[in-house]
Amino acid sequence: MGAEIMVKNGEACVTMEAKASLILGLQPAALIDHVALVDQSLVDQIPGESGGSFPVAIVELEHILRELKKHILASVDDPSPVKTMAGGSVANTIRGLSSGFGVNCGMIGAYGDDGQGQLFVRNMNISGVNISRLRMKKGPTAQCVCLVDAFGNRTMRPCLSTAVKVQGDELTKEDFSGSKWLVMRYGIFNLEVIQAAIRIAKQEGLSVSLDLASFEMVRNFRVPLLQLLESGDIDLCFANEDEAQELIRGKENADPEAALEYLSKYCQWAVVTLGPNGCIAKHGQEIARVPAIGDAKAVDTTGAGDLFASGFLYGLIKGLSLEECCKAGSCSGGSVIRSLGGEVTPENWQWTYKQMQIKGLPLPDIRN
C-alpha cells in the first residue's frame with residue numbers, strides 16, 4: 001500500500017511516503033457520518049429543507065441522534081439500523097478511488113483527539129488511503145447525521161462549527177508535492193483554506209477538481225463560488241442538477257445544459273449529474289450524455305455524486321475518452337446507492353467491475 005521499510009541508524013522504520021499520492025483530497029475537517037433509514041416525519045420536524053445539507057449545532061445533532069430510535073425503518077437486508085463511518089464528500093471520493101479503483105490517494109485535513117477522530121483515521125487507512133497528511137488537533141471531530149427516506153433520498157445535517165480543521169496557513173508545498181490532482185468540495189466556511197490550497201496546488205502543477213456541495217451552499221454563497229469558477233483555476237467541476245440550476249438561477253434558461261455550457265467556459269471538464277437520468281459532460285468541444293447504469297432501486301443516494309467523481313477521475317488518469325469517464329462514473333455512482341452509507345461494500349464493487357466489463361471499460365489493477 002505504498003509503505004516501505006527503510007533502515008536508518010541500524011533500525012527499521014516504516015515510511016508511508018514511498019510513493020507520492022496521485023490524487024489528494026482536501027477535507028479541512030474530518031467527518032463521521034451517522035447514516036440511518038428513517039420515516040419522513042423525522043425529516044419534516046428538523047430545521048432546513050428536505051433533501052439538502054443544512055448545518056446544525058451540536059445540541060441539535062445530539063437531539064436528532066436521540067430521536068432516530070423512534071423513527072428507524074426496519075430493513076430485512078440490514079440488521080444494523082445506524083451505520084457510523086468516515087464521511088464527507090471528499091473522503092467518500094478518495095476512499096472510492098483507493099479501495100475500489102486502486103489509485104494511490106492521500107488526504108489533507110485535521111481530526112480531533114476523540115473516538116470519532118480515531119474512527120475516521122482507521123477507516124481511511126483500512127481503505128488504503130495515505131493518512132500521513134492528516135493532522136490531529138485538540139478538540140472534537142465533525143459529525144453529520146444522514147437521514148435516508150423510504151425512497152433512498154438523503155437529508156444531511158452536519159455539525160461542523162466546533163470541530164477541528166486545517167487552516168490555510170498550515171498547508172505546505174510538501175503536502176502537494178508529486179501529486180497530479182487535488183479534489184475539493186465548495187464550502188463557504190472553508191473558503192480561505194480552499195483558496196490557499198488552490199494557490200499551492202497550481203504552483204506545484206496539480207489539476208484541481210471542485211464539487212459544488214449542495215444547492216443551499218450554491219444558493220446562499222453564489223458570488224464567491226462564481227468568482228472561484230471564473231478564476232480559471234478549477235480544471236474539473238462536478239454539479240448535480242439542483243446545484244447546476246442554482247448556479248445560473250435568474251438566467252432565461254436555467255436548465256442543466258445551460259449550466260454545463262457556463263461551467264465549460266471556465267473549466268476544462270464540466271460534469272452535471274442528473275440522478276436516475278445519468279449525466280452530461282463537456283470537455284472542449286466534446287459533449288457526452290450517458291444514461292444511469294443499473295436498474296436497482298436506490299436504497300440510499302448518500303455518496304452517489306462522490307462515487308461518480310471517483311469513477312470519472314479514474315477514467316481521466318487512465319486516459320479514457322469523456323464518454324468513457326462518464327460511464328466509469330456511472331458504474332461507481334450506481335454501486336454506492338445499492339446499500340446504506342457513502343462507502344461501497346465489497347459485493348457492490350464486484351457489481352461495478354461487472355458493469356465496467358459490460359461497457360468495455362478497463363478494470364482497475366488492484367493487487368490488495
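Values in this text are rule-based calculations from the coordinates and carry no lab data. Quantities reported herein were computed from a predicted structural model and do not represent experimental measurements. Methodologically, a virtual Cβ is constructed for each residue, glycine included, from the backbone with ideal geometry; neighbour enumeration extends over all protein chains shown.
Things worth noting here:
- Under 23 Å from the Cα of K137 - lysines, other chains or at least 8 residues apart: K165, K173
- A Cβ-based charge dipole, computed about the Cα centre of the stretch 19-358 with Lys and Arg at +1 and Asp and Glu at -1, lands at about 780 debye.
- Cα centroid separation - the stretch 190-206 against the stretch 348-368, whole Å: 33 Å
- Shape of the stretch 250-368, Cα gyration tensor, a/c cut at 1.5: oblate
- Sorted on the mean count of surrounding Cβ atoms within 10 Å across their residues, most packed first, peptides 224-237, 117-130 read 117-130, 224-237.
- Under the criterion of Cα pairs below 8 Å and six or more residues apart, the relative contact order for the stretch 19-358 equals 17 percent.
- Across the stretch 174-327 the C-alpha pair distances fall into 5 Å bins from zero in the proportions 2, 9, 19, 23, 21, 15, 8, 3, 1, 0 percent.
- Linear extension gain, E261 paired with L22, 0.36 nm per residue minus alpha-carbon span: 83.1 nm
- Summing +1 for each Lys or Arg and -1 for each Asp or Glu among the other residues whose beta-carbon sits under 12 angstrom from that of Q116 gives -2.
- Taking the charge dipole of the stretch 175-329 about its Cα centre, with +1 at Lys and Arg Cβ atoms and -1 at Asp and Glu Cβ atoms, the residue from L206, F221, F189 reaching farthest to the positive side is L206.
- One chain, two ends: L226 and K354. Fully extended at 0.36 nm per residue, the span grows by 42.2 nm beyond their Cα-Cα distance.
- DSSP bridge orientation in the stretch 19-358 - percent antiparallel, rounded to nearest 5: 40 percent
- Dividing the convex hull volume of the alpha carbon atoms of the stretch 30-186 by its residue count gives 129 Å³ per residue.
- By other beta-carbon atoms within 10 Å, ranking W181, W351 with the fewest at the front produces W351, W181.
- Anchor K354: lysines whose Cα lies under 29 Å away (excluding residues fewer than 8 positions away in-chain): K83, K180, K282, K297, K318, K327
- Cα centroid separation, the stretch 249-298 to the stretch 17-38 (Å): 25 Å
- Extension gain, E174-K251: 0.36 nm per intervening residue step, less the Cα-Cα distance, totals 23.5 nm.
- Anisotropy class of the stretch 19-358 from Cα gyration tensor, a/c 1.5 cut: rounded
- Within the chain, helix-based [θ] at 222 nm, where runs of 4 or more DSSP H residues each add -39,500 (n - 2.57), nearest 500: -11000 deg cm²/dmol
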